[in-house]
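As structure tokens, the structure follows; a few thoughts come after it.
Every number in this text was worked out from the coordinates using simple rules, so none of it is lab data. What you are looking at is a predicted structure, and each value in this text was computed from that prediction instead of being measured. Neighbour counts are summed over all protein chains in view; Cβ atoms, including those assigned to glycine, are modelled from backbone coordinates with ideal geometry.
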Amino acid sequence: MRTTTTALLAAALLAGCSRAPAPAPAAPPPAPAIPSPAPMPEPPPPPAEPAHLLAPAEASALFEEAVARGLPRGDLLLVVDSARGLAELVCSDGFVAEWPVSTAKAGIGSAAGSNKTPPGWHRAAERIGRGAAPGTMFVSRRPNGRVIPPTGWRAPDPAEDAVLTRVIWLAGLEPGVNAGRGVDSHERCIYLHGTNQEQLLGSPASHGCVRFANAAIEELFDLADGVELYCLVR
């Protein structure tokens, strides 16, 4: 009996050993791929600096010409471009400042009585209005007691050509062009001055002078304080 039982147990054990192993559990499905984030767009380039009236090489060449004409190297040159309605102030190191201006509505010319802005090389002969309130009105280069407030610096009547804030009286440096009988800028009372027609700056509008915004002529006056100022009109 024991032998039989033992044989049965051995047979059972043998059967268990020969049974195929249970299959391994299936591997979990792969996780879905996470897409890479889209690359960030490149930031736009910074806006280009506005071009000045004069390229650096041209500014340097004009300054050297001014020096050859007598301008001390440590002083200032103002270049007025009638076609573009801009004036640029330069020194021996280059650009200093730039402003919109108005030259003559009648164009460029030197003849007395023409109401034109004279071309060529000039120097600042007199400077008038130091310390005057912005908007001070000048008649024959003297304050007339009126101070035009900023609300009156864009007068609607273009025929009204007030001289305001500061006056820089020019003298021509080129005989026959802007100096001498019949063409003399100083005798013609050609000024750099503030205006009550600021809305017209950048376009021809004056009766011969070079008009500036009132803040601009005050800035130019202060920048040129104590130094020689030459002016080239072209």
Practice task
From (1) in a loop (DSSP other than H, G, I, E, B); (2) in contact (Cβ under 8 Å) with a residue 24 or more places away in the chain, pick out the condition that doesn't hold for D157.
Solution key: (2)
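Select from the stretch 129-142 the residues that are touching a strand residue (DSSP E or B) at 6+ places or on another chain (Cβ under 6 Å) and loosely packed, with under 15 Cβ neighbours inside 10 Å and write down the one among them that is farthest from L78 (Cα to Cα).
Step one: list which residues in the stretch 129-142 are touching a strand residue (DSSP E or B) at 6+ places or on another chain (Cβ under 6 Å), which gives 129, 133-138, 141.
Remaining after also requiring loosely packed, with under 15 Cβ neighbours inside 10 Å: 133, 141.
Values: A133: 24, R141: 21 Å.
Ranking the qualifying residues of the stretch 129-142, first place goes to A133.
On the basis of being polar (S, T, N, Q) and in contact with a Pro (Cβ under 6 Å, 6 or more places away or on another chain), does N178 make the cut? It would help to see each step written out before you state the result.
Numbers: polar (S, T, N, Q): yes; in contact with a Pro (Cβ under 6 Å, 6 or more places away or on another chain): yes.
In short, yes.
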